[in-house]
Amino acid sequence: MDVLLAYPDYQHRDKSPPLGLMYVASVLEEQGHTVKIIDFSVDKQINFSASIRESDIFGISFTSQQFNEAHKLIKHVRRVSGKLKILVGGPHCTIYAKDVFDALPEIDYLVTGEGEYTTLDIVNGVHPTQVKGLIWKEETGELHVNPSRPIIKNLDDIPFPARHLVPLTKYSCSGVILTSRGCPYRCIYCLKKAGRTWRAHSTDYVISEMNEMRENFNIHDFHICDDNFLANPTRANEIADAILARNWDCTLNLWGGSRVDLIAKNEALIAKLAKAGLRKTGLGLESIIPEVLDAAKKDITIEEVEKTITILRKYDVSFFVFLMVGLPNDTYENVAITKRWIVKNKIKDFGVSLATPYPKTELWEYVNNYGRWIVSSKDVQKNFSYHTVTKVYPMWDTIDFPAEQRMKALVELIRFSAFRTGYISRDKLTIAIKQPRLMLEWLKKWLKLSI
């Protein structure tokens with residue numbers, strides 16, 4: 001069959017290939033199907049209508065932040081072809097499951113969880129009643145929710161992502177690679193879309209994929225986007241050894257972030273990874289307030305955070321700190337404490353976003369029990385904001401930390417990030433300018449905020 005896969009436009013300064021779709025494509029191609037991928041974040045001149053007419057089935061993957069862009073594409077597909085089957089998947093679809101059909105009445109199939117083999121079954125013509133991990137709609141409109149598909153236990157069974165189907169030279173981060181799936185930790189805001197069972201490709205598989213990226217695509221900068229690359233320090237050590245044994249001139253970026261407790265406990269591993277090319281990692285702190293960390297079930301301490309910073313600086317590994325405004329036990333007063341901590345620890349690169357609840361997470365239940373929805377919970381899936389997208393505003397608040405104070409805290413920390421960390425970040429200024437509400441608040445408070 002001729003399969004058309006699409007990824008909606010996404011406002012983000014770092015453009016990277018849609019790995020999820022590329023894995024699906026590689027599995028389909030392995031079984032003899034013809035696949036085309038359109039990534040609308042980089043494919044601006046594509047003749048979408050012609051591609052639709054040439055296809056037997058249309059699939060689209062999207063996050064909650066891409067929902068509205070995805071719906072535009074889906075409606076266009078339905079206008080061009082009233083009979084083409086439309087299949088949706090990705091994190092948003094796993095989160096909202098059958099509720100997506102209410103918001104997207106044009107679709108026929110929805111894939112939950114890992115999508116490679118569920119999509120393959122549909123494309124192979126397996127009757128929908130027999131496909132695990134599928135929610136589907138009959139012509140009468142009746143919905144059917146099939147049993148879940150078990151997670152893929154041996155990731156090495158999956159072929160390498162179909163990098164030949166995307167224009168790699170158009171991405172600022174073309175070297176994305178996923179070496180493991182899942183995360184065993186319990187942060188209250190995370191859905192664990194790949195499951196809490198951590199699974200990994202073997203070292204041989206990872207090195208073979210990296211070698212293919214080097215030889216076939218001239219990629220030498222690897223952006224590892226695992227949820228938890230360091231979950232198995234022994235495997236991470238083996239990967240570092242294999243890179244060093246090959247004397248590769250490459251860089252490693254733990255793009256998906258690293259847990260500070262694992263870095264703090266494994267200094268020798270960080271030293272070896274740095275020697276193998278590790279140049280940058282993200283640190284998902286979310287807060288530096290102990291009461292907030294405990295409420296969010298981060299299972300880390302400030303002592304571990306500061307030890308991690310010392311280790312990374314010792315081996316010349318730069319880092320980006322992720323922070324959130326509005327987790328349980330957070331207050332506006334924590335902004336001043338956070339700023340002092342940033343100055344004390346000489347943090348130069350950090351980003352701030354609003355704590356956003358997703359269904360099936362503990363944070364969602366926290367809002368239901370102790371918070372207030374500003375956006376109706378029934379309409380939340382159409383109204384997700386993100387710190388690089390316009391119309392940023394809290395979807396929920398609490399009596400102790402109302403929405404306006406959350407916005408004030410967000411604006412103050414973003415402004416502090418751009419101007420008060422030893423340098424002016426053009427990227428962060430650009431992001432702020434693209435956010436009308438943020439920019440307005442920023443200007444209103446420009447002379448009033450204490451820093």
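The values are calculated or read from the model by the stated rules, or taken from the named source; none is laboratory data. Here the structure is a predicted model, which means the values were calculated and not measured. Backbone-built Cβ (ideal geometry, glycine too); neighbour counts: all protein chains shown.
Remarks
- Helices (runs of 4 or more DSSP H) fully within segment 64-135 counting 2 or more residues that are farther than 22 Å from Ile151 by Cα: 67-80, 100-103
- The one condition in (1) charged (D, E, K, R); (2) touching a strand residue (DSSP E or B) at 6+ places or on another chain (Cβ under 8 Å); (3) assigned by TED's automatic domain parsing to the domain that holds Glu286; (4) crowded, with 20+ Cβ neighbours inside 10 Å that Arg199 fails to fulfil: (4)
- Pairs, first surrounded by fewer than 19 Cβ atoms within 10 Å (Cβ to Cβ) in segment 345-361, second assigned to a loop (DSSP other than H, G, I, E, B), C-beta under 7 Å, six or more apart: Lys348/Thr421; Lys348/Gly422; Lys348/Tyr423; Lys360/Leu191; Thr361/Ile188; Thr361/Tyr189; Thr361/Cys190; Thr361/Leu191
- Boolean, Gly277 is at pLDDT below 95 and on the phi > 0 side of the Ramachandran plot: no
- Qualifying residue in segment 416-428 (condition: under 25 Å from the mean Cα position of the chain (by Cα), at pLDDT 90 or above and either more than 20 Å from Val343 (Cα to Cα) or not assigned by TED's automatic domain parsing to the domain that holds Glu333 (or both)): no
- Checking Ser174 against (1) touching a helix residue (DSSP H, G or I) at 6+ places or on another chain (Cβ under 6 Å); (2) part of a helix (DSSP H, G or I), the condition it does not meet: (2)
- Positions within segment 212-224 being surrounded by fewer than 19 Cβ atoms within 10 Å (Cβ to Cβ), at negative phi and either assigned to a loop (DSSP other than H, G, I, E, B) or in contact (Cβ under 8 Å) with a residue 24 or more places away in the chain (or both), in sequence order: Glu212, Arg214, Asn216, Phe217, His220, Asp221
- Candidate set from segment 290-308 (those that are within 25 Å of the chain's Cα centre (by Cα) and of a type in the set (Asp, Glu)); member that is surrounded by the most Cβ atoms within 10 Å (Cβ to Cβ): Glu304
- Search result, residues across segment 261-275 that are farther than 14 Å from Pro233 by Cβ and buried (at least 18 other Cβ atoms within 10 Å of the Cβ): Ala274
- In segment 63-77, the residues that are assigned by TED's automatic domain parsing to the domain that holds Gly89 form Cβ pairs under 8 Å with partners that are surrounded by fewer than 21 Cβ atoms within 10 Å (Cβ to Cβ) and of a type in the set (Gly, Ala, Ser), at six or more places apart or across chains, as follows: Gln65/Ser385; Phe67/Ala103; His71/Ala103; His76/Ser49.
- Some residue of segment 312-324 being more than 23 Å from Gly256 (Cβ to Cβ), β-branched (Val, Ile, Thr) and assigned to a loop (DSSP other than H, G, I, E, B): no
- Some residue of segment 27-48 being of a type in the set (S, T, N, Q), in a helix (DSSP H, G or I) and either buried (at least 16 other Cβ atoms within 10 Å of the Cβ) or without any contact (Cβ under 8 Å) to a residue 40 or more places away in the chain (or both): no
- Scanning segment 42-63 for residues that are of a type in the set (D, E, K, R) and within 12 Å of Leu84 (Cβ to Cβ) yields Arg53, Glu54, Asp56.
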